[in-house]
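Participant: Let me begin by handing over the structure; questions about it come next.
Please treat every number below as a calculation from the coordinates, not as lab data. None of the values given here were measured: they were computed from a predicted structure. Here the Cβ positions follow ideal geometry from the backbone for every residue, glycine too, while neighbour counts run over all protein chains shown.
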Amino acid sequence: MNFQQFKRDNKQSFVLELTPLIDVVFLLLIFFMVSTTFSEQETGINIKLPGSNIKEVVETKEIIVSLTKDKEIYINSQKVSLNNFSRVLKNSLQYSRKDNVIIRGDKYVDYGFVVKIMTMSKNAGAKILDIATELEK
C-alpha cells in the first residue's frame with residue numbers, strides 16, 4: 001500500500017487583534033454610561049420631597065408640577081403663577097397628549113396649597129394625579 005502524505009504549504013499563524021475589540025467595548029461602555037445619565041429626572045428646582053417606603057418607578061413622560069416651600073409653581077421646570085396655572089397646565093396636557101400629572105411638592109409646603117393645586121389640575125383635565133416622594137431608608 002502506498003500512502004500519500006499531504007503537506008500544507010502555507011503556514012499562517014492565527015493572530016487575534018485586540019485593538020478593535022477593545023474599541024468596541026469602550027464605545028459600548030460610554031454609550032451605556034451616557035444613556036443612564038439621561039434617565040434620571042432632575043429639574044434643578046430645590047425641593048425636599050417627603051419620604052415614603054413605597055417604591056414605584058414611572059417611565060413615561062408625564063407632566064411634572066413642582067411646588068416649592070415658598071409656594072412657587074413650576075410645570076416641567078417652567079415657572080408659572082397661580083393665576084396662569086390652569087391655563088398653562090391645560091395647554092401642556094393637550095400638547096403632550098397625556099392625562100397623568102406628577103406633583104412634586106416640598107415636604108414643608110402648606111397642605112392646603114397642595115390640595116388647591118390638585119383641584120386645579122383635575123379641573124384643567126388631569127385624569128391621574130401622582131405624588132412624588134423619596135424612598136425612606
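Participant: At 0.36 nm per residue, and after removing the present C-alpha to C-alpha distance, how many nm does the segment from Y108 to I30 gain when stretched out fully?
Facilitator: Numbers: separation 78, 0.36 × 78 = 28.08 nm, distance 3.93 nm.
My answer for the length gained is 24.1 nm.
Participant: Just to confirm a number: summing +1 for Lys and Arg and -1 for Asp and Glu over residues other than S81 whose beta-carbon lies under 12 angstrom from that of S81, what do you get? Walk me through the intermediate numbers first.
Facilitator: Details: positive: K71, K79, R87; negative: E72.
Neighbourhood net charge equals +2.
Participant: For N123, project a label point 7 Å along Cα to C-beta. Then give me every residue of segment 97-114 with its amide nitrogen under 15 Å of that point.
Facilitator: Correct set: 113-114.
Participant: Still on this structure: Once you sort the root eigenvalues of the Cα gyration tensor of segment 51-135 as a ≥ b ≥ c, which label holds: rounded (a/c under 1.5), prolate (a/b larger than b/c) or oblate (the other case)?
Facilitator: Values: a/c = 1.78, a/b = 1.13, b/c = 1.58.
It comes out oblate by the Cα gyration axes.
Participant: A follow-up question, please. Could you give me the ³J(HN,Hα) list for segment 114-119, computed from phi with Karplus coefficients 6.51, -1.76, 1.60 and θ = phi - 60°, whole Hz, x at Gly and Pro?
Facilitator: 5, 5, 5, 5, 5, 5
Participant: Place a label point 7 angstrom from the Cα of D99 along the Cα-to-Cβ direction, then list the residues of segment 121-137 whose backbone nitrogen is under 16 Å away.
Facilitator: 121-130
Participant: Arrange the peptides 65-75, 20-30 so that the one whose residues have, on average, the most other Cβ atoms within 10 Å appears first. Let's see the in-between values first.
Facilitator: Values: 65-75: 18.1, 20-30: 9.9.
Sorting 65-75, 20-30 by mean packing, highest first, produces 65-75, 20-30.
Participant: Grab the Cα-Cα distance for K90 and K116, subtract it from 0.36 nm times how many residues apart they are, and report the gain in nm with one decimal.
Facilitator: Details: separation 26, 0.36 × 26 = 9.36 nm, distance 1.56 nm.
Net length gain for the segment: 7.8 nm.
Participant: In segment 80-123, which trypsin sites (Lys or Arg not before Pro) are in a loop and have at most 15 other Cβ atoms within 10 Å, using DSSP for the loop call? Write down the numbers at each step before the final one.
Facilitator: Working: sites: R87, K90, R97, K98, R104, K107, K116, K122; in loops: R97, K98, K107.
Filter output for segment 80-123: R97, K107.
Participant: Counting other Cβ atoms within 10 Å, keep those with at most 12, restrict to DSSP loop, and tell me which chymotrypsin sites (Phe, Trp or Tyr not before Pro) in segment 98-137 are left.
Facilitator: Working: sites: Y108, Y111, F113; in loops: Y108.
For chymotrypsin sites (Phe, Trp or Tyr not before Pro) across segment 98-137 that sit outside H, G, I, E and B with at most 12 neighbouring Cβ atoms in 10 Å, the list reads Y108.
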